[in-house]
1. So what are the ³J(HN,Hα) numbers for segment 75-84, from phi and the Karplus equation (6.51, -1.76, 1.60; θ = phi - 60°), rounded to whole Hz, Gly and Pro as x?
2. From the helices alone, meaning DSSP H stretches of at least four residues, give me the mean residue ellipticity at 222 nm for the chain, per-run term -39500 (n - 2.57), in deg cm²/dmol to the nearest 500.
3. Counting only protein heavy atoms, what percent of the accessible surface of the chain is carbon or sulfur at a 1.4 Å probe?
4. Using only Cα atoms and rounding to the nearest 10 degrees, what angle (0 to 90) does helix 342-370 make with the longest principal axis of the chain?
5. At what distance in angstrom do the alpha carbon centres of segment 289-335 and segment 129-172 lie from each other?
6. What is the calculated FRET efficiency for residue 128 to residue 441, with r their C-beta to C-beta distance and R₀ = 60 Å, to the nearest 0.05?
7. Kindly report, to the nearest 10 Å², the accessible surface of residue 131 as traced by a 1.4 Å probe over protein heavy atoms only.
8. Collect residues whose amide H, placed 1.01 Å from N in the peptide plane, falls under 5 Å from the amide H of residue 316; neighbours closer than 5 in sequence don't count.
Amino acid sequence: MSTAEEPKIGLASSVAIAVGIAIGGGLWVTPVVAGFAAGPAAAGLILPAAVPILLAFPAYFTLSKIWPVSPGHYYYPSRLLTPENKHIGQLAGWVLVWSNFFITGFFILPSSLAGGASFLHTVFPSVSSKTFTIGLLLFTFVVVWFGLRAVGWVEVVLAVLLLVAVGIIIAGGILHVQIDNLTPVIPKGVSSLLSTYAIVYTLGFGALLTIDIGGEIRDAHDSVDKAVLYGVSVDIVTAALVGIVVVGTTSYTQLEGQTLDLIAKEYLPPALVVVSGFGAVIAGLTTILAIITVVNRYIMAAADDGILPTWVGKQNKHGEPTIMLIVIYAGAIVASISDLPLSTIVSGYVFSQLLLVILVLFVGARLPNVYPEVFEHERVKESRLISPSVVRWSSICAILIMAVALTFLAISSQTAFGIFLLIAVIGVVIYVVRWWQAGKTILPTLEKGGFQD
């Protein structure tokens, strides 16, 4: 992917983006969806969700130290997964980033703004929620248009405001937790816990998307892993507290279609309700700014590889893909008019996001055998966390945990899984057509692995 040669953002901006991806709009929706799906026990799933994230760290840290690149979730599988046949790795990487791009652009963007738009409508009833959604989408369009540096600056400010708002919501909610709401603990059976476990992954795994801007972070070899670690820590702790508030203040039977700001309105004093409402607005903005910045890099990388036409990845002077940025927002505006259930939207996004992570973990599991020289690299040898056996087995364990949870999610959310499969099939068709048009060769010639000194 062609980007400016000089790094664009520092550690603070990259952490803010990592926080924005997961505890932005997702925090206003995901704990509520999980609470309705599994009952009070959903709150107890959030901290255990950190286990596969911790297991993913060695692979992610190793890759970011030897080759920080944007976007990592595409380049690592396409270049490193199957060096004996790079088309297989490229196809797998493309299909999953395509699915992530499609689901994000057409479903996640408007749903992330649902709570904030609803609040603004109550303040200004003459303007519809749909109109506010479109207005907020246009605001983020303008910010992203000016590139990663602008996104980073705005995200730092929004992340601080968001954490203040969330702190107020949590503090007020803890005081209104009712024991009656916490029983029965597992009303829908153990199987509901396993499928919901995959959903709550997103409250921490979002920070792993930081590797998708890894090539544009200052001192990336040492900063990307810090950004991931700090982002995951903030995301998981915050989400766990919000999960307790959600199931503790509201019966799980009443959570369908709700968002965090609507729940907070029931217990916050009138003077603080506005904090919750504006928090929802800020949360949606942080998520959209971060996610669009990431998926833009997926599109530019695919265009550079020839999977998409070159004009699709054509960048403006700020390094963003002009045409696809317009397409994404046009799709989001159209989708804002639809009323797809939040649970379906969240589940569809979980499939696209976690399978990206699993694909990178497959790369990590194969590193000791396929690229043993990696572990002789000075940066890798300096880390006590990284060794061939740790990277291999932690990756395998994380893959197994996520695979089980995703299987149960597919069984319980068949509509969302069907939508994901349809989008993935379209991605396969696009790849095959472009591969045939390119004379059965798409992947550009690269040096082995693409590792950089």
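The values are calculated or read from the model by the stated rules, or taken from the named source; none is laboratory data. Note that the structure is predicted; figures quoted are calculated from it, not measured. Don't worry about glycine lacking a Cβ; one is built from the backbone with ideal geometry, like all the others, and counts go over all protein chains shown. Quick note on the areas: whole protein, heavy atoms, side chains included, nothing else; ligands and nucleic acids left out. Shrake-Rupley method; radii C 1.70, N 1.55, O 1.52, S 1.80 Å.
1. Values per residue, Gly and Pro as x: 5, 4, x, 5, 9, 10, 5, 10, x, 6 Hz.
2. -23000 deg cm²/dmol
3. 68 percent
4. 30 degrees
5. Centre-to-centre (Cα) distance: 20 Å.
6. It comes to 0.75.
7. 80 Å²
8. 322
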